[in-house]
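This report refers to the structure that appears directly beneath it.
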Amino acid sequence: MLIKKIVCEVDAANAEAFSKAQSQWGALSHVAGFVKQAGGWRTSADRPLTAEIISVWEDREVYEAFMENEHDVIYEEIGQKATLYSIEVTFTQADAEEAACMFGNREIEYEPGWTVTKA
């Protein structure tokens, strides 16, 4: 499985708008090869708010097809770009058991509305 970790820094003034936009990624549930996405907030006194989102895909090929055909349409429709200060994306490979464990990070205050599962 392909694991995509997205870390976004968000100014406090945009936190609510970012959260609302992140809650609108439900269209992922119908994308071929998508497994699950969840995330939430980490905070630090000397930095903007940090959102961390983990997305699980069956493999790199289905993820690349999503990026080519559907990602930008969803991203632009929900207007999330205007809500973030910075974004960093990393990828790893994991088996199903390892992927499931990635959603248990105790440093993240998970937002229920950010969770998307395969339909």
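Structure summary
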| read-out | value |
| --- | --- |
| Contacts under 7 angstrom Cβ, first residue in the stretch 68-90 being among the aliphatic types (A, V, I, L, M), partner surrounded by fewer than 10 Cβ atoms within 10 Å (Cβ to Cβ), 6 or more apart | none |
| Failed criterion for Ala51 (all others in (1) out of contact with any Cys (no Cβ under 7 Å at 6 or more places or on another chain); (2) not in a helix (DSSP H, G or I) hold) | (1) |
| Selection count, the stretch 100-114, where residues are out of contact with any Gly (no Cβ under 8 Å at 6 or more places or on another chain) and either modelled with pLDDT of 85 or more or basic (Lys, Arg) (or both) | 3 |
| One residue from Val31, Val62 being under 21 Å from Thr117 (Cβ atoms), touching a Gly at 6+ places or on another chain (Cβ under 7 Å) and either among the hydrophobic types (A, V, I, L, M, F, W, C) or surrounded by 15 or more Cβ atoms within 10 Å (Cβ to Cβ) (or both) | Val62 |
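Conditions (1) hydrophobic (A, V, I, L, M, F, W, C); (2) in a helix (DSSP H, G or I); (3) touching a helix residue (DSSP H, G or I) at 6+ places or on another chain (Cβ under 7 Å); (4) closer than 21 Å to Ala17 by Cβ, marked per residue:
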residue	(1), (2), (3), (4)
Glu61	no, yes, no, no
Glu64	no, yes, no, no
Glu68	no, yes, no, no
His71	no, yes, no, yes
Ala82	yes, yes, no, yes
Ile87	yes, no, no, yes
Met102	yes, yes, no, no
Glu107	no, no, no, no
Gly113	no, yes, no, yes
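The values are calculated or read from the model by the stated rules, or taken from the named source; none is laboratory data. All figures in this text were calculated on a predicted structure; none of them were measured in a lab. Methodologically, a virtual Cβ is constructed for each residue, glycine included, from the backbone with ideal geometry; neighbour enumeration extends over all protein chains shown.
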